[in-house]
Amino acid sequence: MKLKHYGLLLAILSPMFSSIATIFQSGSTKLLTPLIVASIGSILGSIALLLIVIISREKIDTRKIRNNWKDLSFMTLLRPLLGVTIFAFGLSMTSAIKAIFFTKMEPYFVLGWYWILKKEKLHKKYLILLAIHLTGAILLSTGGNFGGLGKAQLGDLLVVAAMGFFSLSYIYGTRLSQKIGAKISNSLTMGIAGMLLLPFALIFSPAVVWTFSLGWKYLIAYVILFNVIGLTLWFASLKTVKGWIVSALRSLGPIVGAPIAWILLGETLSIMQIFGGLIVLITSALIAREHIRTSD
């Protein structure tokens, strides 16, 4: 298999693991607290990846780590610190099945960042797709009921805001995956962010949630599926595949995630929300196809 095609395979697998992980992450934020999920989840993921690096005898080049401290700092801030924390608070307010669809807004944020920071051309058809995409997102969030914003809609907005931070991290993630490696970059950024968030989790989380419960089982499942597998595949795919293509391929996630959210959590969508979700999914898929076609 060609290296580029191998990278595409990783980019396809990553959102599938991530979407399933979102279901368990959603459950854990509701049974524990968002700060526990963001901090302990990152720490556990970092430790697990570090053990994998040690067992596989992968070389840890401290000189490369020092030379790339700026990218590591920005990556830590954008993804595991701000992005994951905001996403966890959003999940605590809205349903996992909606969040899975809302994460597919990420490609449009990536396009915007690449346009602003890298001066890459933004075609009119992308803007048209974005307008349709946003219409679908609104229908998915409100179900056509525009009487006012509630807790669920605030959660939806936080999930979308997290996508803005996640999307900006593609620029730094690409460089880190090429210079340091996927597992080491992932372990370092998660570990640092998790330790920074831990004091806040200890202070602002009630004592009762620290006893082992279903919430902790959900958290462990989330860590394995996302922090260890999904995020490492994401880093690895960025070695050979353009960031916007990797992001666009995340539209595949709901195909796996939505049915599992229904089976495990019993979450459903109204007819209007399903229609909005399909619009989100189709427009994301169209942008993915366009990026892949233009990159060949």
- prompt: Of all the helices (runs of 4 or more DSSP H) wholly in the stretch 219-296, which have at least 1 residues that are farther than 25 Å from L51 by Cα and either out of contact with any Leu (no Cβ under 9 Å at 6 or more places or on another chain) or at pLDDT 80 or above (or both)?
  reply: 243-248, 253-265, 271-295
- prompt: What single numbered condition from (1) farther than 22 Å from F109 by Cα; (2) without any contact (Cβ under 8 Å) to a residue 60 or more places away in the chain fails to hold for Y218?
  reply: (2)
- request: Mind telling me which of the residues I97, I65 ends up being touching a helix residue (DSSP H, G or I) at 6+ places or on another chain (Cβ under 8 Å), at negative phi and surrounded by fewer than 24 Cβ atoms within 10 Å (Cβ to Cβ)?
  value: I65
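Looking at the stretch 35-53, can you tell me whether even one residue there is of a type in the set (S, T, N, Q) and either over 24 Å from F212 (Cα atoms) or not in a helix (DSSP H, G or I) (or both)?
There is no residue in the stretch 35-53 that is of a type in the set (S, T, N, Q) and either over 24 Å from F212 (Cα atoms) or not in a helix (DSSP H, G or I) (or both).
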field: the stretch 219-234, residues that are under 13 Å from M16 (Cβ atoms) and among the small types (G, A, S)
entry: G230
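Kindly check whether there is at least one residue in the stretch 111-129 that is under 17 Å from F226 (Cβ atoms), touching a helix residue (DSSP H, G or I) at 6+ places or on another chain (Cβ under 9 Å) and in a helix (DSSP H, G or I).
no
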Residue count for the stretch 265-281, restricted to those that are hydrophobic (A, V, I, L, M, F, W, C) and exposed (fewer than 15 other Cβ atoms within 10 Å of the Cβ): 2
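The values are calculated or read from the model by the stated rules, or taken from the named source; none is laboratory data. It should be emphasised that the depicted structure is a prediction, and the values quoted were computed from it without experimental measurement. So basically every Cβ, Gly included, is an ideal-geometry build from the backbone, and we count neighbours across all protein chains shown.
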